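First up is the structure itself, then whatever we jot down about it.
The values are calculated or read from the model by the stated rules, or taken from the named source; none is laboratory data. What you see is a predicted model, and the numbers here were worked out from it, not measured in a lab. Using ideal geometry, Cβ is built from the backbone for each residue, glycine included, and neighbour counts are taken over all protein chains shown. Calculation scope for accessible area: heavy atoms of the full protein, side chains included, ligands and nucleic acids excluded. Shrake-Rupley method; radii C 1.70, N 1.55, O 1.52, S 1.80 Å.
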Amino acid sequence: MQTFHHINSLRAVLTKERAAGKRIGFVPTMGNLHGAHLELVKLARSTNDIVVCSIFVNGLQFGLNEDWDKYPRTLLEDSQKLENVGCDYLFNPDDNEMYPNGLDTQSRVICPTMTDVLCGASRPGHFEGVTTVVTKLFNIVQPDEAVFGIKDYQQLAVIRRMVEDLCMGIEITAAPIHREADGLAMSSRNGFITSEERPRVSQLNQSLNWVKEQLEAGRRDFATLSGDASRQIENSGFKLDYLSICNSKTLAPAAHDDKAITILGAMFTAGARLIDNVSTELE
Ligand code: PAF
């Protein structure tokens with residue numbers, strides 16, 4: 001695996017690959033890679049000739065009081081892991097390479113739909129930071145396909161919509177959520193969960209699944225269901241951010257006759273904000 005810190009040198013090598021007819025798959029990450037990231041890379045590996053992965057902790061998507069400075073930076077370990085799963089090129093730019101004119105005057109990509117609800121409501125500006133950096137990374141790598149995890153469901157939905165709206169011509173592939181044995185979705189932020197909290201944090205996933213089961217059993221009293229599930233989470237000792245039953249495509253609150261439904265939730269532990277979601281196709 002070759003590592004590049006500069007846009008021009010990565011572009012030069014990818015131009016040659018493209019000219020040789022190679023199909024390019026791309027996995028953008030912020031590093032601190034765990035099993036779920038490596039599954040994204042394996043998925044990209046299975047459908048492309050060349051796999052590019054990026055590691056960049058994007059300041060533009062973190063709020064002022066968020067954990068940008070605490071976000072774990074583990075480049076050596078990450079590089080080894082990427083090499084082991086067959087990544088060809090790692091792009092690891094610094095802030096100056098990605099934002100040479102600074103963050104304040106950076107041109108932005110704004111997706112007005114779906115970005116001010118759910119995670120967007122409690123993280124103002126977050127999705128604008130994501131869509132802006134993902135657009136820049138897409139322009140640098142120019143992949144045929146990009147792989148994103150379903151765990152960040154809202155991010156995936158926003159990126160799909162952005163790619164469609166802006167005619168980017170990139171295939172977006174969704175990779176399944178990877179979970180610990182008790183259902184906890186794998187995340188770089190799980191490292192901030194304390195050992196005392198750890199046995200209780202899977203309540204988020206259990207409550208989302210409980211709502212899914214109730215919907216599949218025919219219930220459509222969405223407000224009562226989400227209220228009951230929210231209380232389950234709060235009773236397990238965590239502060240809830242949101243729990244919403246949504247239309248899977250638009251992320252609008254689910255309507256009575258919606259078939260494709262996704263239940264999304266976020267809660268706070270002492271040192272982290274955890275998110276999860278489960279989807280169902282109702283009859
Ligand atoms: O999901 C992430 O790790 C980030 O939001 C992404 C897509 C790499 C953009 O910084």
**OP:** Answer yes or no: is there a residue in the range 148-166 that is within 12 Å of the chain's Cα centre (by Cα), charged (D, E, K, R) and either over 14 Å from CYS111 (Cβ atoms) or not in a helix (DSSP H, G or I) (or both).
**Re:** yes
**OP:** Could you list, in sequence order, all residues of the range 122-137 that are farther than 12 Å from ALA157 by Cβ and either out of contact with any strand residue (DSSP E or B) (no Cβ under 7 Å at 6 or more places or on another chain) or within 12 Å of the ligand (Cβ to nearest atom) (or both)?
**Re:** ARG123, PRO124, GLY125, HIS126, GLU128, GLY129, THR132, VAL133, VAL134, THR135, LYS136, LEU137
Subject >> First in the range 1-24 and without any contact (Cβ under 8 Å) to a residue 40 or more places away in the chain, second anywhere and open to solvent by 50 Å² or more (accessible area, probe 1.4 Å), Cβ under 7 Å, 6 or more apart >> reply: LYS22/ASP49
**OP:** Tell me, yes or no, whether the range 47-57 has at least one residue that is out of contact with any Ser or Thr (no Cβ under 9 Å at 6 or more places or on another chain), of a type in the set (Phe, Trp, Tyr) and either surrounded by fewer than 21 Cβ atoms within 10 Å (Cβ to Cβ) or in contact (Cβ under 8 Å) with a residue 40 or more places away in the chain (or both).
**Re:** no
Original post:
Do you know which residues across the range 85-127 are β-branched (Val, Ile, Thr), surrounded by 14 or more Cβ atoms within 10 Å (Cβ to Cβ) and over 27 Å from ASN247 (Cα atoms)?
Top reply: VAL85
**OP:** Kindly indicate whether any position in the range 16-33 is at positive phi, within 16 Å of the ligand (Cβ to nearest atom) and open to solvent by 20 Å² or more (accessible area, probe 1.4 Å).
**Re:** yes
**OP:** Out of ASP104, ASP78, ASP95, report the one residue that is within 13 Å of the ligand (Cβ to nearest atom), of a type in the set (Asp, Glu) and over 19 Å from the mean Cα position of the chain (by Cα).
**Re:** ASP95
**OP:** For the range 157-190, name all the residues that are within 15 Å of the ligand (Cβ to nearest atom) and either of a type in the set (Gly, Ala, Ser) or open to solvent by less than 10 Å² (accessible area, probe 1.4 Å) (or both).
**Re:** ALA157, VAL158, ILE159, MET162, ALA174, ALA175, ALA185, SER187, SER188
**OP:** Give the residues of the range 24-50 that are touching a strand residue (DSSP E or B) at 6+ places or on another chain (Cβ under 7 Å), of a type outside the set (Ser, Thr, Tyr) and more than 29 Å from ALA272 (Cβ to Cβ), sorted by residue number.
**Re:** ILE24, GLY25, ARG45, ASN48, ILE50
